[in-house]
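Right, one structure below, let's go through it.
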Amino acid sequence: MNISSFLPSVANVHGDKPAVSLGTKRLHTYRAFSDRVTGLAGALRGELRLSVGDRVGLAMTNTPQYLEILVACWHAGLCVVPMNSKLHPKEFSYILDHAGVKICFVTENLTEGVSESLGTVDGFKQVICVNDDEYETLIKHAPINKVDVSATDPAWIFYTSGTTGRPKGATLTHQTLLAMTLRYYADIDQPSPEDNYFHTAPMSHADGLYALPHLIKASHHIVPESGGFDVAEIFGLLETYKNATFMAAPTMLTRMTNHPKASEARSENIKTIYYGGAPMYLEDTKRAIATFGPCFVQIFGQGESPNTGTSLSKELHADYDNPKYEKRLSSVGLPRTGVEVRIVDEEDNEVPTGEIGEIVLKSDVVMAGYWNDPEATSRTIRNGWLHTGDVGFLDEDGFLTLKDRSKDMIISGGTNIYPREIEEVLLMDSRLEEVSVIGRPEADWGEEVVAFVVLREGASITTEELENLCLNNIARFKRPKEYFFVDQLPKSNYGKILKTELRKHFHLKNS
Ligand code: AMP
């Protein structure tokens, strides 16, 4: 089974439907898209001399060519290695080497950085810029038929962000991608040729993975001209396109809600916004629903179980009268169809309902293992269970609530404190735009709680007001001992708040 096998049917049945646009500019129909894919696949196996199973890198910002390269590689029996476009040349080099990439497609801005690896990385022989004429020549190559591969062959090596140590390559097979796609249809949405999928988040990540369920159903793919998440641009696209679906990392969603034009946005044209990847706070979710309607689905997953662990459906976002509504809205939802979720202690024993432990997952969406790293694989997948490194609990109805990643938990005087709980309380005051709580080393207690706060434009608040908010809502020992007012919080390339950076910054300031 080759995950690209949908191509003939979209080309034959939906050939005249738009496949890819850049902003409002139509680029290719599904017939043209299919021709480009089969031509490029021909070039990859022909003049570029790649063999079945070879790895092809993508170091590209969001661009229309992204999709045809992914599908062409699969059609040609190759495995893609999409990389975060914001990496440093040395980080690209590490991944190119580790994955044994032979050819890498780049957008113009990354040609130089990636080319540094030519001559230094063994077997890495060519960088192809998708903005050059050479690329269009490759597309015009004589087409080839789809290459038969085994369902268990690697299709996508997903490099983790590597916040601790070197990035690891989660190996996703054709079967993994199919299992992920079917879960999209089962738990999230039914895309159709009338749908418009906006690529608002990095295509090397969740956004690109969920291109698949939309390609298979011949939906229209819109790559915003900015190549990123620009709220005004998204509101502009909603003027043109109906039935829009897109991904928004929590910080992006909050930015959307807080945008001065939010109330005028054509939210009736939004079909689905899926969010995840980092905690979304209750107050922010409520504000987002009040602004854009219940078009939201929350997903919890990780590269090792791509986009698929649990989800909180649109219906549950709109279940306003349920007495458990807020509690559920603060959770990451229910296990996805056919995905087993358990909470275990340090000895891998399942803990009783309501108790906190490590979240482990089991399903056919879990990666085959880490590329070329059997030790990390056996540490992470034990007895068939993917150990996510995330901490949380299941309630009596089966909803999963995430606490923090174990490394973000604060231990003060031997008591575990979960920053998220304090962050939720502080965000009850709408003058706060963002907040992040970490532990500061302290001689007596081991660690003490401190908070970094970003205020909304033009807003002001006193430490005393924040202190009262905490005293009225949580135990005294959990309240921050100090507040730092900052203009912004450090974020990863995927919009996750980098607590490691906050801790570092903090350490420097006080050392
Ligand atoms: P990545 O592999 O880069 O997609 O990162 C996965 C990690 O992001 C997970 O292990 C969680 O720590 C975090 N994450 C994913 N989804 C959510 C969510 N819905 N809420 C909070 N954190 C999340």
How big is the range 199-258 by Rg and Dmax over its Cα atoms, in Å?
11.4, 34
Using alpha-carbon positions, what is the distance between the centroids of the range 339-411 and the range 173-236, in Å?
27
May I ask you to order 458-467, 387-396 by the average number of other C-beta atoms within 10 Å around their residues, highest value first?
387-396, 458-467
Rank by packing, highest mean first: peptides 167-178, 91-102, with packing defined as the count of other Cβ atoms within 10 Å averaged across residues.
167-178, 91-102
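Scan the range 310-402 for trypsin sites (Lys or Arg not before Pro) in coil per DSSP, keeping those whose Cβ has at most 14 other Cβ atoms within 10 Å, and list them by number.
Passing both the DSSP loop test and the Cβ count: Lys324.
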quick note, the chain, DSSP beta bridge pairs, % antiparallel (nearest 5) is 55
Equivalent ellipsoid semi-axes, the range 17-64, via Cα gyration tensor eigenvalues times 5, rooted, Å
25, 15, 7
Surface/4 of the Cα convex hull for the range 156-227, nm²:
5.7
Per the Kirkwood formula on distinct C-alpha pairs, the Rh of the range 114-172 is how many angstrom?
15.2
If you average 1/r across every pair of different Cα atoms in the range 255-332 and take the reciprocal, what Kirkwood value do you get, in Å?
13.2
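Within the P(r) computed for the chain, what percentage of the Cα pairs occupies the region above 28 Å?
55
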State to the nearest 20 debye the size of the charge dipole of the range 174-232 about its Cα centre, where the only charges are +1 on K and R beta carbons and -1 on D and E beta carbons.
240
If you take all C-alpha pairs in the range 1-103, what percent of them are over 21 Å apart?
40
As I understand it, the value is the acute angle between the Cα axis of helix 282-292 and the longest principal axis of the Cα atoms of the chain; what does it come to in degrees, rounded to 10?
50
How much space per residue, in cubic angstrom, does the convex hull of the C-alpha atoms of the range 353-511 take up?
176
Among Ile343, His259, Asn145, pick out the residue whose Cα is farthest towards the positive end of the charge dipole of the chain, where Lys and Arg carry +1 and Asp and Glu carry -1 on C-beta, about the Cα centre.
Asn145
In cubic angstrom per residue, the convex hull of the range 40-99 built on its Cα atoms measures 76
Could you tell me the largest-minus-smallest coordinate of the C-alpha atoms of the range 102-252 on each of the three principal axes, in descending order and whole angstroms?
47, 45, 37
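Each reported figure results from applying straightforward, stated rules to the coordinates on display, with no laboratory input. Please read all numbers here as calculations on a predicted model, not as lab measurements. Positions of Cβ are backbone-derived with ideal geometry, glycine not excepted, and every protein chain shown enters the neighbour counts.
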